[in-house]
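Worksheet: one structure, shown below.
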Amino acid sequence: MAGPMLWPSGEPWPRCQLPHMVEIERPATAEDLELFRRGDEEVARLADRLSALPPEPGSRGMPAATAAQLLRMLASASANRPRTTVRTSAMAVPPKPVPMVPVVQLRAADIPHARFPEGTDLLQILWCPHWHNAVPGMDEHHRGPAPMVCWRDSTKLTHHATPPDGAGTDGRSVLSTCVISPEQITDYPDTEALPDPLQERLEDWHDSLGPDPGFDYRNDLAAAPGLKAGGWPYWPHGPRPVGCACGADRDLLLSIPNGERGTPSWTPLEDQTRAVEGGEEFHHPTGFHGARDAVHIFSCRQDPAHPVQIYVE
Ligand SMILES: [Zn+2]
Ligand SMILES: [Zn+2]
């Protein structure tokens, strides 16, 4: 993960030229100045209200009079700063194309269930880690990193490439370099993704197991959490459309979680102690923080070389 990639010599490292969210400093408009003025008034009103409060003997918090004084000092420092420019974020084409960062490199032998295009045995996923709201070939509602998927023949690659300097400046979607030891498991579709009659049968089945069977379908059998290639996605907000433009369905290619919870049922046997000790605590082995739950990448079932769909959940 996130490490050097086998790369064709002579092929330049990919760069993103799409508009993405960048920090900008622009001249302040009349609306900005009006907003500043109203902000100052609001802070002054709050400071007046705080200083009018009676003292609370025994309270451990900051006395209201001190808080009011602090607010007035901060407001005065802010008002005395020149308000000619505003720092904000906006969607903009980067002045220079941004180097993409490696996400994962998997060999066909690592993920025997996955369908590789004819003549390829190496899957590489890279992305531009910035926040995009439009990526060609992707669902119009896409918000998040812009991915690039390469299917390659590893026998033709001898050279390793690393991203150039300056890659990966947005830390939340830049992963930590690590080696994966894949383990094959079976999971099942998220309850929400099942047709109603099946959901009802599942409920009946749960009821038949008694008051506390020690597991439940959604948490212990469906949509395994953690970093995975293939299987079924966890849909915290309900299932999303994953069809390809060619008319075929798409399958889950890769799921990158925002941290891993130490639930014993899905934790590898060698990590069970950690699961018990960690309880509900999150671990971040991939260093990924760019989603609330996970990023799911789907590829076409008919032809994996078709554009992927990515969902940031
Ligand atoms: Zn980008
Ligand atoms: Zn397709």
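The values are calculated or read from the model by the stated rules, or taken from the named source; none is laboratory data. Quantities reported herein were computed from a predicted structural model and do not represent experimental measurements. Note that each Cβ is placed from the backbone with ideal geometry, even for glycine, and that neighbours are counted across all protein chains shown. The accessibility values were calculated without ligands, DNA or RNA, using every heavy atom of the protein model including side chains. Shrake-Rupley method; radii C 1.70, N 1.55, O 1.52, S 1.80 Å.
Odds and ends about this structure:
- Summed over region 73-87, residues that are in contact (Cβ under 8 Å) with a residue 24 or more places away in the chain and out of contact with any strand residue (DSSP E or B) (no Cβ under 9 Å at 6 or more places or on another chain) total 5.
- Residue that is least open to solvent (accessible area, probe 1.4 Å) [pool: residues in region 199-212 that are farther than 26 Å from Pro257 by Cβ and of a type outside the set (D, E, K, R)]: Gly210
- In region 136-162, residue nearest to the chain's Cα centre (by Cα) [restricted to those that are under 16 Å from Arg250 (Cβ atoms) and within 16 Å of ligand 2 (Cβ to nearest atom)]: Pro147
- Pairs with Cβ under 6 Å, 6+ apart, first in region 293-310 and over 12 Å from Leu254 (Cβ atoms), second within 16 Å of ligand 1 (Cβ to nearest atom) and not aliphatic (A, V, I, L, M): Pro307/Gly137
- Total residues in region 4-29, condition open to solvent by 60 Å² or more (accessible area, probe 1.4 Å), outside any loop (DSSP other than H, G, I, E, B) and closer than 30 Å to Ile125 by Cβ: 3
- Residue in region 51-74 that is exposed (fewer than 11 other Cβ atoms within 10 Å of the Cβ), of a type in the set (D, E, K, R) and within 30 Å of Leu6 (Cβ to Cβ) present: no
- Tallying residues that are open to solvent by 30 Å² or more (accessible area, probe 1.4 Å), on the phi > 0 side of the Ramachandran plot and in contact (Cβ under 8 Å) with a residue 60 or more places away in the chain within region 114-163 yields 1.
- Selected residue (criterion: farthest from Thr267 (Cα to Cα)) from residues of region 203-224 that are in contact with a helix residue (DSSP H, G or I) (Cβ under 7 Å, 6 or more places away or on another chain) and not in a helix (DSSP H, G or I): Asp216
- Exactly one residue out of Gly10, Gly58 is in the same structural domain as Ser154 (by TED's automatic domain parsing) and out of contact with any helix residue (DSSP H, G or I) (no Cβ under 9 Å at 6 or more places or on another chain): that is Gly10.
- Some residue of region 30-50 being assigned to a loop (DSSP other than H, G, I, E, B) and either within 24 Å of Met148 (Cβ to Cβ) or more than 16 Å from ligand 1 (Cβ to nearest atom) (or both): no
- For the criterion of being of a type in the set (A, V, I, L, M, F, W, C) and more than 30 Å from Cys178 (Cα to Cα), Leu74 passes.
- When restricted to residues that are assigned to a loop (DSSP other than H, G, I, E, B), more than 16 Å from ligand 2 (Cβ to nearest atom) and of a type in the set (Gly, Ala, Ser), region 64-123 contains 3.
- Within region 213-248, considering residues that are among the charged types (D, E, K, R) and out of contact with any strand residue (DSSP E or B) (no Cβ under 8 Å at 6 or more places or on another chain), the one most open to solvent (accessible area, probe 1.4 Å): Arg218
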